[in-house]
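Peer 1: Okay, handing you the structure first.
FYI, it's all coordinate maths here, none of it is from the lab. Remember, it's a predicted structure, so these values are computed and weren't measured experimentally.
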């Protein structure tokens, strides 16, 4: 249980959660009836070691990104989360993405004239037009976000609920896949244990056969034979590694069934399991154990890939 204690101080969870994937999509909408506004919120997320939030909203709404980050923390422990907020009037005017067309024409003409006066060629491309449109956005009539915060948060919470449902569904699929793979690792551990128990007797028989081939008849109780077998037994003993593997697998299952975010814990545990497989492989010369170790490390790599997406 030492690993649990090690993580108790480094990974804290403020609330109980189902196992969730860090990948998801959610959307929500609401209306600010008094202001005749339609609010739409989209939230997408992908895996990341820390919680990084990026909010796209009308530029005039300063401070909204910090508030959105606060709202996200109720559902996200880590991951890269993108929030896109779109506001339109009930008549279809989209705030934050409309602009004054006349002002754009006048600005382009002035820029063209300036370029010609300097002997430069002025050929605006799509990127220039987009940047110019952003600089000339028409935000007339757009209220401060704090005046419609209730409607904003309603749309935001709806999107959060939507993405949480998707993340929980994918998290359950990940959980089942990981459980199956851990069971496979446990079977390989059992095979290693069985073959390891036969290692000394097989080495003894092989040693005596080689001595016979060299016409060196030595009794099994000869001190030199016993010493050789004792050294081999000590060098090839993997009982500690097998015990630790068994403990790690038990902990992994506990993490999978935990009500808190355990992605970091499982990632660390994968490193510990890999270390035990490496040590087991380096100690053993039996082909059966070598094969089991290789298969175990391949399966573990797939587990680690999956764990990277668990919150």
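Peer 1: Report the gain in length on full extension from residue 279 to residue 180: 0.36 nm times residue separation, minus Cα-Cα distance, nm rounded to one decimal. Kindly include the intermediate steps, with their values, before the conclusion.
Peer 2: Numbers: separation 99, 0.36 × 99 = 35.64 nm, distance 2.39 nm.
Value of the extension gain: 33.2 nm.
Peer 1: While we're on this one: For residue 84 and residue 240 in one chain, what is 0.36 nm times their gap in residues minus the Cα-Cα distance, to one decimal in nm?
Peer 2: Numbers: separation 156, 0.36 × 156 = 56.16 nm, distance 5.22 nm.
That works out to 50.9 nm of additional length.
Peer 1: Want the number for residue 187 to residue 128: 0.36 nm per residue separation, take away the alpha-carbon distance, what's left? Don't jump to the answer; show the numbers that get you there.
Peer 2: Values: separation 59, 0.36 × 59 = 21.24 nm, distance 6.11 nm.
This chain segment gains 15.1 nm when fully extended.
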